[in-house]
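Next up is a structure, given as structure tokens.
Quick note: the coordinates plus some simple rules give every number you see, no bench work behind them. Since this is a predicted model, take the numbers as computed values, not measurements. We place every Cβ from the backbone using ideal geometry, glycine too, and count neighbours over all the protein chains shown.
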Amino acid sequence: MKKFLAVMMFALMIMTQARAAEFEMVEYSAQVKLQWLAAAGIPEAQKFLKLIDRPVFFNADNLQDFERLELTNSLYQELNMQAAMEFVRENNYKNVMDLACSLSPRAMILGDEGRKVAVGELQTVCLIGDWCLEEFGSKKAIKNVWYDAYWLQDRAGMMASADSLKGEVCIIEQGVMIYLADDVRAQMYENLRDVLKKHGGCLITSDFTQKKYFTDTAAALFGEQNAPTLYNETKAMYEKVFGDKIADDLQDEQEALEFLKTHGLTARKVPLFSKPPTLHISSKLTPAQLQAVNELTRKDYLWVITAL
Ligand SMILES: C[S@@+](CC[C@H](N)C(=O)[O-])C[C@H]1O[C@@H](n2cnc3c(N)ncnc32)[C@H](O)[C@@H]1O
């Protein structure tokens, strides 16, 4: 706890006024994400949550419909985390940039497999992420993973981070676009195109299908009829954390492809998993839910984006 307070004091000291204001929302969205990963039963996430020693954000006392929201969000976050890791493994990427990875143990797990992972996050999330890595990472993970603090719209910052990796990169970007204003999103994709042109490789994301993907995830658990409500309730939950509107536009495939083209990028869609995954959350699901989730894992929610 002492170490945590020291880290937080240090973070606050080095941040400018503007960064500190932004930090409020980002730190909380990172913490909520960790809450869902821990609730999915991912042991590393549970350790991270215990280490940071703060009460979880949402619970049955402060959120109506908490149980259904928790199960849906935990499943969605575990699917995202495992699908990205499987893609990296199947395509044998040795270099990964995990953008706005939040407080997810994904980088640590990939680093433990001998891959170099440069996480791009905001200053305070980097400090907490580093601390979690030091506490729970293997020697290999500690050697292979590092946190680089930069804004996604910061061209030089993102390129410097990419340049610390040698060879083709797999860039993972999940669950971030909803927080970005149009100009920031456009600049981020300009930066990503530059990195892909220089280094080769690809970017994977489900952000252009997140609305349908999340709604289908909710439907797999609680039926088609309840799914739109669960999407709207989740959106409202994140708007509360963020303190602003969530940007869930650019969900039309043609419009998204046009957007990418204007930034010198193209995309192909691939299934989340090429074979049924083993999920930690499975033990919490009924046989009917498990079957529906297995079907979901075969759907093309992942976009593989490359430079034109
Ligand atoms: C909910 S988390 C992202 C989830 C995660 N990437 C995933 O795989 O689901 C949102 C994260 O985006 C980061 N973030 C938001 N805006 C950012 C920006 N402009 N530049 C860098 N990071 C940003 C926050 O620090 C936060 O950790």
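To the nearest 0.05, what FRET efficiency results for Arg298 and Asn232 with a Förster distance of 25 Å applied to their C-beta separation?
The pair Arg298/Asn232 has a calculated efficiency of 0.45.
Any idea how far the Cα center of the range 271-301 sits from the one of the range 180-216, in Å?
Spelled out, the Cα-based centre of one part sits 25 Å from the other.
Determine the relative contact order of the range 2-307: mean sequence separation of Cα pairs under 8 Å and six or more apart, normalised by residue count, in whole percent.
Reported relative contact order: 18 percent.
What is the calculated FRET efficiency for Lys212 to Ala186, with r their C-beta to C-beta distance and R₀ = 25 Å, to the nearest 0.05?
Calculated value: 0.65.
Using only helices, what value at 222 nm comes out for the chain when you add -39,500 (n - 2.57) per DSSP H run of length 4 or more and divide by the total residues, to the nearest 500 deg cm²/dmol?
Computed ellipticity for the chain at 222 nm equals -18000 deg cm²/dmol.
Points 7 angstrom from Cα along the Cβ direction at Glu258 and Lys140: gap in nanometres?
With each label placed 7 Å out from Cα toward Cβ, I get 4.7 nm.
Out of all DSSP beta bridges in the chain, what portion is antiparallel? Express it as a percent rounded to 5.
In the chain, approximately 35 percent of DSSP beta bridges are antiparallel ones.
Another question about this same structure. Can you count the Lys pairs in the range 172-275 with C-alpha separation below 27 Å, eight or more apart or on different chains?
Going through the range 172-275 pair by pair, I get 20.
For the residue pair Lys94 and Asp65, what label-to-label distance in nm results when each label sits 7 Å from Cα along the Cα-to-beta-carbon direction?
4.8 nm
How far apart, in nm, are two points set 7 Å out from the Cα along the Cα-to-Cβ line at Leu308 and at Asp248?
Result for the modelled spin labels: 3.0 nm.
So what's the chain giving for Rg/Rh, alpha carbon basis, Kirkwood Rh from the mean inverse pair distance?
Across the chain, the Cα-based Rg/Rh ratio is 0.93.
Could you compute the net charge surrounding Gln225? Neighbours are other residues with a C-beta less than 15 Å from the C-beta of Gln225; K and R count +1, D and E count -1.
-3
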